[in-house]
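Report on one structure; see the data block that follows.
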Amino acid sequence: MLAIAIGVSAAALGAQSHTYHIRSKILGEERTFHVNLPPNYSVARQRYQVTYLLDGHLKAFFDLAVASAGYDITTGGPHEFAIPPQIVVGVEQKQRSVDLGSNQEAFDRFLAEELVPYIDKEFRTVPYRTLIGHSLGGRFALFTACRNPGMFPAIIAISPGVGDSTGFKAITDCLRRDFTANRTVLRQLVLTAGDREGRLYAATVKLRDFVRDSAPPIWRMLLVDGTGLGHTDTPFAAIPRGIRFVHEAAVWEMPAAQGDSVGEGKGDEPGRRVAEFYKSLSARVGYTVAPSAKWLHTIASAHLRHGERAEGLAAAKRLTDEYPEDVNGWTVLTDACISEGDNDCARRAVEEALRVLDRMDFFDEGAHAIQKKFFTDNLQRIQARP
């Protein structure tokens, strides 16, 4: 077919970071936070998970979280799985010992009642949030998991301050309440501490053992290896590994055999199987998860491969409607139009692809030029067809 004669990946790796200020009634002062939007947010229509980082004023941590959340390089095959793009919010602390210690309940209310609602109002989000904290921030994140059940379904607690017996008991008592209250919706917990942190490391391992033995089966947990790490080193090991764990294929992706059946199916089978998987996933994670661009692409391609032209065209239109930033979707729509013998439809698809390309950010201008030439050449071929 015309449009898929060349398979070029649109590697739009640009990102957008901005600083915002919010007047907090709870804290009685203005607070600052930083927001990094996924590549081509302005072109896309999808909604995104949000990763919140305490101590977001620390550029090294914020940049690492952004880079880890944005690592989505794949070969594009049906068995490949990329971390879904996320919005990253870096929350500044004015005085860590106050925000995350003596005044932590008020700061927790600030997050739950002011900052999170603001982010959800101003940006296209879904209610699946990850909270990352280091040291006092890690301890704060653990308490937040049970003070506001479900607000942050995923917690990455790095070198959390649970070394003393009083602190350990307070956190385990708090977690037990969440274990009892929630036994059906996925929670994810990442812990780490360096083996050079002495008592803190031992307490973190002990907390791992407590969660492993006491949490309901719906919980997932990872202890990131802290061999050779001290207190200031652990964020660099835990942030990328933790973000990857929270977004692993084991949670978010269709099993390989089931995925193969989507690509091979005929009639309503591809769409039905994808819908069944995402219905099950939505129930597991507690919100409605939209099918990914990859699976909408697979459905459309399966229909076209089996000569189901009308179904292929409908599926391709859904793909480009929901994921206009997925440039390969426009090639599938062009194929579907051509399979129907509709040159006007194919022309409109390629023209829209060119408009989308001009609005997208490309890390490599060479890739942009290749994509543009590909669609321009196809447009000329379509216009030359009788």
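Among the residues of region 186-206, those identified as basic (Lys, Arg) and assigned to a helix (DSSP H, G or I) are Arg199, Lys206. Restricting attention to region 29-66, the residues that are part of a strand (DSSP E or B), over 16 Å from Ser135 (Cβ atoms), of a type outside the set (D, E, K, R) and more than 15 Å from the chain's Cα centre (by Cα) total 3.
Checked against the criterion of being assigned by TED's automatic domain parsing to the domain that holds Ala353, among the charged types (D, E, K, R), more than 22 Å from Asp358 (Cβ to Cβ) and touching a residue at least 12 places away in the same chain (Cβ under 8 Å), region 318-325 contains one or more residues that satisfy it. The single condition among (1) over 21 Å from Trp219 (Cα atoms); (2) in contact with a helix residue (DSSP H, G or I) (Cβ under 8 Å, 6 or more places away or on another chain) that Tyr118 does not satisfy is (2).
Each residue in region 207-232 was checked for being outside any helix (DSSP H, G or I), surrounded by 17 or more Cβ atoms within 10 Å (Cβ to Cβ) and not aromatic (Phe, Trp, Tyr), and 8 of them qualify. Checking each residue in region 179-209 for being touching a Gly at 6+ places or on another chain (Cβ under 9 Å) and charged (D, E, K, R) picks out Arg187, Asp195, Arg196, Glu197, Arg199. Determine, yes or no, whether Val224 is under 24 Å from the mean Cα position of the chain (by Cα) and over 30 Å from Gly312 (Cβ atoms). Here the answer is yes, as Val224 does meet what is asked.
Condition test on Asp173, is it in contact with a Pro (Cβ under 8 Å, 6 or more places away or on another chain) and either without any contact (Cβ under 8 Å) to a residue 12 or more places away in the chain or at negative phi (or both)? No.
Taking every residue in region 30-57 that is free of Cβ contacts under 8 Å to residues at least 24 places away in the same chain and pairing it with any residue that is surrounded by fewer than 20 Cβ atoms within 10 Å (Cβ to Cβ), at least 6 positions away or on another chain, the pairs with Cβ-Cβ distances below 9 Å are Glu30/His21; Glu30/Ile22; Glu30/Arg23; Glu30/Ser24.
Restricting Leu304, Leu313, Leu354 to residues that are touching a Ser or Thr at 6+ places or on another chain (Cβ under 9 Å), touching a residue at least 40 places away in the same chain (Cβ under 8 Å), in a helix (DSSP H, G or I) and not assigned by TED's automatic domain parsing to the domain that holds Arg45 narrows the list to Leu304. In region 27-44, is there at least one residue being in contact with a His (Cβ under 9 Å, 6 or more places away or on another chain) and surrounded by fewer than 18 Cβ atoms within 10 Å (Cβ to Cβ)? Taking every residue of region 27-44 in turn, at least one turns out to be in contact with a His (Cβ under 9 Å, 6 or more places away or on another chain) and surrounded by fewer than 18 Cβ atoms within 10 Å (Cβ to Cβ). Please state which one of Thr234, Thr288, Thr298 is assigned by TED's automatic domain parsing to the domain that holds Pro127 and hydroxyl-bearing (Ser, Thr, Tyr). Going through Thr234, Thr288, Thr298 in turn, the sole match is Thr234.
Among the conditions (1) over 30 Å from Ala316 (Cα atoms); (2) at pLDDT below 95; (3) not charged (D, E, K, R), Leu53 misses just one, which is (2).
Inspect region 254-262 for any residue being surrounded by 15 or more Cβ atoms within 10 Å (Cβ to Cβ), within 21 Å of the chain's Cα centre (by Cα), within 23 Å of Tyr52 (Cα to Cα) and not aliphatic (A, V, I, L, M) and give the result as yes or no. Scanning region 254-262 turns up no residue that is surrounded by 15 or more Cβ atoms within 10 Å (Cβ to Cβ), within 21 Å of the chain's Cα centre (by Cα), within 23 Å of Tyr52 (Cα to Cα) and not aliphatic (A, V, I, L, M).
The values are calculated or read from the model by the stated rules, or taken from the named source; none is laboratory data. Everything numeric in this text was worked out from a predicted model, so none of it was measured. Heads up, the Cβs are rebuilt from the backbone with ideal geometry, glycines too, and the neighbour counts pull from every protein chain shown.
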